[in-house]
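The values are calculated or read from the model by the stated rules, or taken from the named source; none is laboratory data. Just so it is clear, the structure is predicted and the values come from calculations on it, not from any experiment. Every residue, glycine among them, receives a Cβ derived from its backbone with ideal geometry; neighbour counts consider all protein chains shown. Heads up: the accessible areas ignore ligands, DNA and RNA and are worked out on the full protein's heavy atoms, side chains in. Shrake-Rupley method; radii C 1.70, N 1.55, O 1.52, S 1.80 Å.
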Amino acid sequence: MQDSHAQADRTAADRATAVVTEEWCRTLDVTDPSPDDDFFAEGGNSLLIASLIDRVERRLGILFPVEVAFIDGRLGALTEACAERLVTAEGTTA
């Protein structure tokens, strides 16, 4: 049973990572982002982050962890926080 939970967690985390990364690229018009890239250092602003948040929330069905975007705006931090929210929303454990 634990294996199925672990698989579900990985699947949710992978999906969250893919969606956040796709929307990041779309928003910032980049093609090969690094997990260490910072949204605002890459040219993002408050209007662009609002757009990114809206699209990620709609695609994943979660509340985007807005505080992470402003405290630690790195792609890796955003994907990790969204993955945790998605895993929780889907009823699995991290």
Of the residues in segment 55-77 that are charged (D, E, K, R) and part of a helix (DSSP H, G or I), the one that is surrounded by the most Cβ atoms within 10 Å (Cβ to Cβ) is 55
Flagged in segment 22-54 as part of a helix (DSSP H, G or I), open to solvent by 70 Å² or more (accessible area, probe 1.4 Å) and within 14 Å of residue 76 (Cα to Cα), in numbering order, are 22
Checklist entry - Is it true that some residue in segment 78-89 is open to solvent by less than 10 Å² (accessible area, probe 1.4 Å), free of Cβ contacts under 8 Å to residues at least 60 places away in the same chain and not aliphatic (A, V, I, L, M)? => result no
